[in-house]
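Undergrad: Submitted below is the structure of interest, expressed as structure tokens.
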């Protein structure tokens, strides 16, 4: 009797284990059913973009993100998709999560700048890589219009303001006032020179001095903005963009607070406003492709995510609806570089994460359209709260994938970009 009971128990246990493993296999296979293979080998030039083409073909704006900035394969993918899209009849514009005035200056001077000069004068140093140099080679060779959406700015004498002085939009006096206002504003915004009450030795400026300098900068930006409004150049695109840049300065600096170096909410809000302004006023008939971080292109704040309500992706989705397409880029394994160039090993096998599930595909690069019918059993995972790994696992975000993105491109293994300059190249300039 005891032997019979023992056998029955073993059978029950066996059936339970078999059903559990089979259910897991079904779940994994179901997720594979939603995945389109873009690349099976390591030759990125062979990436098949047809699935993405079908998804973005008629969209006004396409946002392409990245879960970390320091990833060679993400850079290569963006280079290749830009080359692919630029071969089609429809005109495309490419924009970057980089200063609006920097990229406008580069675009105005593209005939006099090398690809390297366009790259280094246009976008942030985190993307000064050999991969992005090839991207700017494509931009220059195919005469692709470029733009920046970021209200952040840095002190730069040979930029848009100088160009506007050269072509007669700004006087020499106005230009010098803007340089001086920028020199004050950049200290306020980026060097944290204001004394923090919790760290009395952290800075050298009092609150009164901070408010006085902030007021001076705002007064200069505003007075010049008002003066150029009545000039004969008002209808030119350059003047319109200059005015937009000054409006960004006013809003961004005005939102600089005494104990904060950055205000991410106002930054995202202005990036969304800038992109909408560009699309509606300057490039109404072109498809705009934007390269930015995943955290800027997410379309909803639903889920367990530490994000503010003024998220760029959300604001753009509110405005464009289904005419917007957002693609998040994620990775499973390998080495990446943080913004400070420190090497970081990507965390693998994080339980129930997007990365841990998608790496089961046999492809090195795959694509998932999250807008498949989530009511079907095999697509349920897209509507569930799923952990995702930002910056290789430095930060965990839980997202409803079908609400956060329209598509996901996943890389099984990644590596560190080939940087053009060491980090000291940038720190020595400060």
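Undergrad: Compute the relative contact order of the range 108-183 as a whole-number percentage, counting only Cα pairs closer than 8 Å that sit 6 or more residues apart in sequence.
TA: Details: 31 pairs, mean separation 15.9, N = 76.
Value for the range 108-183: 21 percent.
Undergrad: How compact is the range 261-364 by the rule of thumb for globular proteins, expressed as Cα Rg over 2.2 N^0.38 Å?
TA: That ratio works out to 1.29.
Undergrad: For the pair residue 42/residue 219, report the inter-label distance in nm, with labels modelled 7 Å from Cα in the Cβ direction.
TA: Those two pseudo-labels are separated by 6.2 nm.
Undergrad: What nm distance separates the two modelled labels at residue 58 and residue 183, each placed 7 Å from Cα along Cα→Cβ?
TA: That separation, rounded to one decimal, is 5.5 nm.
Undergrad: So how do 148-157, 273-282 stack up, highest first, on mean other-Cβ count within 10 Å?
TA: Top of the packing list down: 148-157, 273-282.
Undergrad: As an exercise, find the ratio Rg/Rh for the range 81-147 from alpha-carbon atoms, using the Kirkwood inverse-distance average for Rh.
TA: Answer for the range 81-147: 0.93.
Undergrad: If a/c stays under 1.5 just call it rounded; otherwise compare a/b with b/c (prolate if a/b is bigger, oblate if not). Do that for the range 98-199, with a ≥ b ≥ c from the square roots of the Cα gyration tensor eigenvalues.
TA: oblate
Undergrad: Starting with the fewest neighbours, write out 296, 69 ranked by other beta-carbon atoms found within 10 Å of each beta-carbon.
TA: So the residues, fewest neighbours to most, are 69, 296.
Undergrad: So, one more: In whole Å, how far is the Cα centre of the range 399-418 from that of the range 306-371?
TA: The two parts, judged by their Cα centres, are 3 Å apart.
Undergrad: Going by average Cβ density within 10 Å per residue, which order do the peptides 239-252, 172-185 take, highest to lowest?
TA: The most tightly packed comes first, giving 239-252, 172-185.
Undergrad: Using 7 Å Cα-to-Cβ label points, what is the residue 320/residue 90 separation (nm, one decimal)?
TA: 1.1
Undergrad: Suppose the chain between residue 343 and residue 254 were pulled fully straight at 0.36 nm per residue; how much longer would it get relative to their current alpha carbon spacing? Write down the numbers at each step before the final one.
TA: Values: separation 89, 0.36 × 89 = 32.04 nm, distance 3.61 nm.
Result for the pair: 28.4 nm of gain on full extension.
Throughout, read-outs are computed from the coordinates displayed, never taken from laboratory work. Since the structure is predicted, the reported quantities are computational estimates derived from the model, not experimental observations. Every residue, glycine among them, receives a Cβ derived from its backbone with ideal geometry; neighbour counts consider all protein chains shown.
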